[in-house]
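The values are calculated or read from the model by the stated rules, or taken from the named source; none is laboratory data. This one's a predicted model, so the numbers in the text were calculated from it and none came from an experiment. All Cβ positions, even for glycine, are placed from backbone atoms using ideal geometry, and neighbour counts span all protein chains on display.
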Amino acid sequence: MGKSILVVDDEQSMRIFLTNILLKENYSVVTASSGAEAVNRVTCDEPDVVLLDLRLPDMDGMTVLEKIKKALPAVPVIIITAHGGVQSAVEAMKKGAYHYLTKPFKVDELLIMIERALDREILRREISHLRKQQQKEHQTECIVGVSPAMQKVHEMIERITESDATNVLIYGESGTGKQLVANAIHYKSRRASKPFVEVNCASIPDTLMESELFGFERGAFTDAREKKTGLLEEADGGTFFFDEIGDMSLHLQAKLLKFLDTKTFRRVGGTKLIQVDVRIIAATNQDLPQAVEKKRFRADLYYRLDVATLRLPSLRERKEDVPLLAEHLTQQSTRKLGKKIESISPEALKILAEYDWPGNVRELENVIERAAILSEDGVIRASHIPMDLMRGSVVTSGGAMGPGFDLEGLSLGNGKSLKDIVQGIERTLISDALQRCGGNQVQAAKLLGITRDILRYRMKQFELPSGRLAAV
Ligand SMILES: Nc1ncnc2c1ncn2[C@@H]1O[C@H](COP(=O)(O)OP(=O)(O)OP(=O)(O)O)[C@@H](O)[C@H]1O
Ligand SMILES: [Mg+2]
């Protein structure tokens, strides 16, 4: 069905006339003959456009318009008015009507106006949707995790956002969400409407970094033809995120310290003192106290930054969060890929839950996205998960069928039952055999010393794909 249009007119002949035109254009049509009915229809049917005759028996047209806009603020309302009613139509537009038509009007005129109103409405909805999504992506609600370690993180974020000045130091292995948390702190704080500016201290050369941060005056160096404001100035009122602060040079550390002490700085080659108000968030995966000991990081800067400290747990320290994260990341991939993924199979979840995740949430995100791409029926299955991950969950290393078949990871007592381990080995052996035989089930069954029926049964049980196996 096409877009829906609500026709509000007390004259039956007019309702029938409009309905016929609109149905021919593939719109779906709802009608109302009184103001009260119109308001009711708007609430229940949420039409995409309303055609409203201002002269109604039960209610003043303006009142109806107001009620419609209150119930469904974004809906475009086109006023249809009798000749001579232009004045009230204009007034209606001031009250939020989209446009007006005076009777008699040409059918084409009406159709074009409806089309335009719809275009505008689609655009508006898209923009507001994108904006909402963007906002949401930054909110702490999107920092998924209910484990005690993550609860602590959530509490810390709450506390930090209550104040809007304290500097924050975030520790965490690669992929644990340092950037995500830095964003959340900014967007939850009173600084949210001001800029969030970030630099990665590891990726910008020292010489460039200084002018990037502080800006420069014209003529400060050979290439400086124009003055340039620095990133710190751009962040005024907002938050400045120094990613990988452990990699900042000692020279810049001294400059940054001076800025933190005075809240002022000079552009490169300049004399004027510039004052800015920013909250500093710094993140690192290095052990800063150790860097201080080794004189690679200034102690005074460290103490300046270490006011509120957040330690993000690795994913293996909070494995209970894996299913929840997997679910969240699947939805994220669904949006990104424009593909519908309904669920993750229990077998696949089991593999995810048992893996150690050295690359933390980022690695899980990559695995899920890849699986979402491979999935054909809206379900992420074990066969969509990389083989080495599966092995990692049962056997520590080495091909299961090869001479180096490794039993090290098989000790009991690490939360896995004997059945789990045996099934894991069985699955690995079967998938290895299938891979070796290029997916030929007869050959693989022979290699494994089982019948083809049993092989098929096991493949189904372990959700291994049939057909020629791509080495996923
Ligand atoms: N708790 C979480 N909930 C949801 N998504 C998360 C979470 N933690 C991390 N992510 C996602 O994982 C990815 C990696 O996170 P992020 O970039 O913040 O990590 P990082 O610690 O900055 O990593 P690196 O040190 O590699 O820069 C991002 O896409 C992020 O959205
Ligand atoms: Mg990062």
Find all pairs meeting these conditions: Cβ atoms under 7 angstrom apart; at least six residues apart or on different chains; first residue within the stretch 169-185 and closer than 20 Å to Y303 by Cα and touching a residue at least 24 places away in the same chain (Cβ under 8 Å); second residue part of a loop (DSSP other than H, G, I, E, B) and more than 10 Å from ligand 2 (Cβ to nearest atom).
L169/D306; I170/L312; Y171/L312; G172/L312; K178/L312
For residues in the stretch 210-253 being of a type in the set (F, W, Y) and within 16 Å of ligand 2 (Cβ to nearest atom), which is farthest from T284 (Cα to Cα)?
F240
Quick test of your reading of the structure: K194 fulfils all but one of (1) touching a His at 6+ places or on another chain (Cβ under 9 Å); (2) within 16 Å of ligand 1 (Cβ to nearest atom). Name the failing condition by number.
(2)
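Return yes or no: is V50 assigned to a helix (DSSP H, G or I) and either at pLDDT below 95 or touching a Leu at 6+ places or on another chain (Cβ under 7 Å) (or both)?
No: the conditions fail for V50.
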Please indicate, with yes or no, whether at least one residue in the stretch 258-266 is crowded, with 19+ Cβ neighbours inside 10 Å, away from ligand 1 (no atom under 16 Å from the Cβ) and either closer than 24 Å to M150 by Cα or among the aliphatic types (A, V, I, L, M) (or both).
no
Those residues of the stretch 278-312 that are within 16 Å of ligand 2 (Cβ to nearest atom) and polar (S, T, N, Q) come to a total of 3
Just need a number here: residues in the stretch 233-251 that are buried (at least 22 other Cβ atoms within 10 Å of the Cβ) and within 27 Å of the chain's Cα centre (by Cα).
6
Close pairs from the stretch 228-241: first at positive phi, partner of a type outside the set (D, E, K, R) and surrounded by 18 or more Cβ atoms within 10 Å (Cβ to Cβ), Cβ under 9 Å, at least 6 apart
G237/V278
Checking I114 against (1) surrounded by 17 or more Cβ atoms within 10 Å (Cβ to Cβ); (2) at pLDDT below 90; (3) over 21 Å from the mean Cα position of the chain (by Cα), which test does it fail?
(2)
List pairs: first in the stretch 264-287 and farther than 22 Å from L208 by Cβ and assigned by TED's automatic domain parsing to the domain that holds E217, second within 16 Å of ligand 1 (Cβ to nearest atom) and polar (S, T, N, Q), Cβ under 8 Å, 6+ apart or cross-chain?
R279/T239; N285/S174
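Within the stretch 368-377, is there a residue that is outside any helix (DSSP H, G or I), over 30 Å from S333 (Cα atoms) and either in the same structural domain as S466 (by TED's automatic domain parsing) or at pLDDT 90 or above (or both)? Give the steps one after another, and end with the answer.
The first filter runs over the stretch 368-377 and keeps only residues outside any helix (DSSP H, G or I), leaving 375-377.
Within this subset, residues satisfying the condition of being over 30 Å from S333 (Cα atoms) are none.
Looking for residues that are outside any helix (DSSP H, G or I), over 30 Å from S333 (Cα atoms) and either in the same structural domain as S466 (by TED's automatic domain parsing) or at pLDDT 90 or above (or both), one finds none in the stretch 368-377, hence no.
Take the residues in the stretch 204-235 that are small (G, A, S) and at pLDDT 85 or above, then tell me which one is farthest from L252 (Cα to Cα).
A235
Could you say whether any residue in the stretch 19-28 is over 24 Å from I122 (Cβ atoms), exposed (fewer than 14 other Cβ atoms within 10 Å of the Cβ) and of a type outside the set (G, A, S)?
Step one: of the stretch 19-28, the residues over 24 Å from I122 (Cβ atoms) are 20.
Checking which are exposed (fewer than 14 other Cβ atoms within 10 Å of the Cβ) leaves us with 20.
Keeping just the survivors that are of a type outside the set (G, A, S) gives 20.
Yes, the stretch 19-28 contains a residue that is over 24 Å from I122 (Cβ atoms), exposed (fewer than 14 other Cβ atoms within 10 Å of the Cβ) and of a type outside the set (G, A, S).
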Return a yes/no flag: does the stretch 252-275 have any residue that is part of a helix (DSSP H, G or I), over 19 Å from V168 (Cα atoms) and out of contact with any His (no Cβ under 6 Å at 6 or more places or on another chain).
no
